[in-house]
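S.K.: Following this message is one structure expressed as structure tokens.
The values are calculated or read from the model by the stated rules, or taken from the named source; none is laboratory data. As the structure is a computational prediction, the values presented were derived from the model and not from experiment. Cβ placement follows ideal geometry from the backbone for every residue including glycine, while neighbour counts extend to all protein chains displayed. Calculation scope for accessible area: heavy atoms of the full protein, side chains included, ligands and nucleic acids excluded. Shrake-Rupley method; radii C 1.70, N 1.55, O 1.52, S 1.80 Å.
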Amino acid sequence: MPHEDLSALNTRFSDDAERGLRFALSGALGHVALVSSFGAESAVLLHMVSRIAPQTPVLFIDTLMLFPETLAYQRELAQRLDLRDLRIITPDREALFHHDPDNLLHRSDPDRCCALRKAEPLQQALRGFDGWITGRKQFQGTTRSKLQMFERDDTHLKVNPLATWDPAQVRDYMTRFELPRHPLVSQGYLSIGCAPCTAPVATGEDPRAGRWRGQDKVECGIHIANGRVIRRQAS
Ligand code: SF4
């Protein structure tokens, strides 16, 4: 699909997550997968996809550094939503053995750690797909404030059906469909990644403030802007 068509798609679907998602899953954009972290808000998109096209491949990157609660939640949701094509993606064991044998790379070089455990395995898993669906939203911090439903990175089309949703819409959807919450949300974790790099946030804080707290890093590298890892702005 040529670049100029993305703005037409954004105009056509940007206010309607389900319609945009149906279009993305219709085959009109080629072969697409849902990439899910099974994090704090992931149940919404997983539920929508399971109702619209349950055979959609769902890619879950297990960095081998996740909270046990996330792994349990992943199993619970997969069973509850009857996900038919869940693919658990793990880092290359040999690469880990060579570059992160003691699982401490996240302290010395978190960008390399994210590349090894997330970005590179995902790029491998996305081979053969034309696009992928993400759960990113504009309210999740300044780096996402201009996010649109349809965009493109260096290699793939990306679809963000919930781009314009606010926290209340997410909450209402989960309540309406009685979707289970990630067990760490009640402890203040509003954005949940790997255990060593995720902290709870205070009321009113940016939901992603607990990710790589104290560092300038704000994205793991699977979402990049103009080929660069996005960094926190100095205040
Ligand atoms: Fe490594 Fe932390 Fe990135 Fe996870 S979030 S891959 S532990 S640097």
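S.K.: State which residue is surrounded by the most Cβ atoms within 10 Å (Cβ to Cβ) when the search covers only the range 21-43 and only residues that are within 16 Å of Asp5 (Cβ to Cβ) and within 19 Å of the chain's Cα centre (by Cα).
M.R.: Checking each candidate, the answer is Ala24.
S.K.: Listed residues Asp62, Asp82, Asp111; which is within 11 Å of the ligand (Cβ to nearest atom), closer than 21 Å to Glu41 by Cβ and among the charged types (D, E, K, R)? Steps first, please.
M.R.: Values: Asp82 fails: within 11 Å of the ligand (Cβ to nearest atom); Asp111 fails: closer than 21 Å to Glu41 by Cβ.
Matching residue, one of Asp62, Asp82, Asp111: Asp62.
S.K.: Follow-up question, since we're still on this one. Could you list, ordered by first residue, the pairs with Cβ atoms under 6 Å in which the first is in the range 107-118 and over 17 Å from Gly214 (Cα atoms) and modelled with pLDDT of 95 or more and the second is open to solvent by 60 Å² or more (accessible area, probe 1.4 Å) and more than 8 Å from the ligand (Cβ to nearest atom), at least 6 apart or interchain?
M.R.: Leu116/His99
S.K.: Within the bounds of the range 145-159, is there any residue that is within 15 Å of Asp16 (Cα to Cα) and out of contact with any strand residue (DSSP E or B) (no Cβ under 7 Å at 6 or more places or on another chain)? Please lay out each step first, then the result.
M.R.: The first filter runs over the range 145-159 and keeps only residues within 15 Å of Asp16 (Cα to Cα), leaving 147-150, 159.
Within this subset, residues satisfying the condition of being out of contact with any strand residue (DSSP E or B) (no Cβ under 7 Å at 6 or more places or on another chain) are 147-148.
Taking every residue of the range 145-159 in turn, at least one turns out to be within 15 Å of Asp16 (Cα to Cα) and out of contact with any strand residue (DSSP E or B) (no Cβ under 7 Å at 6 or more places or on another chain).
S.K.: Now, a different point. Quick check on Thr143: is it in a loop (DSSP other than H, G, I, E, B), touching a residue at least 24 places away in the same chain (Cβ under 8 Å), among the hydroxyl-bearing types (Ser, Thr, Tyr) and surrounded by fewer than 19 Cβ atoms within 10 Å (Cβ to Cβ)?
M.R.: Details: in a loop (DSSP other than H, G, I, E, B): no; touching a residue at least 24 places away in the same chain (Cβ under 8 Å): yes; among the hydroxyl-bearing types (Ser, Thr, Tyr): yes; surrounded by fewer than 19 Cβ atoms within 10 Å (Cβ to Cβ): yes.
No.
S.K.: Could you grab the pairs with beta carbons closer than 7 Å, sequence gap of 6+ or different chains, first residue in the range 147-166 and closer than 10 Å to Gly135 by Cα, second one open to solvent by less than 10 Å² (accessible area, probe 1.4 Å) and hydroxyl-bearing (Ser, Thr, Tyr)?
M.R.: Between residues of the range 147-166 that are closer than 10 Å to Gly135 by Cα and residues that are open to solvent by less than 10 Å² (accessible area, probe 1.4 Å) and hydroxyl-bearing (Ser, Thr, Tyr), the close pairs are Asn160/Thr134.
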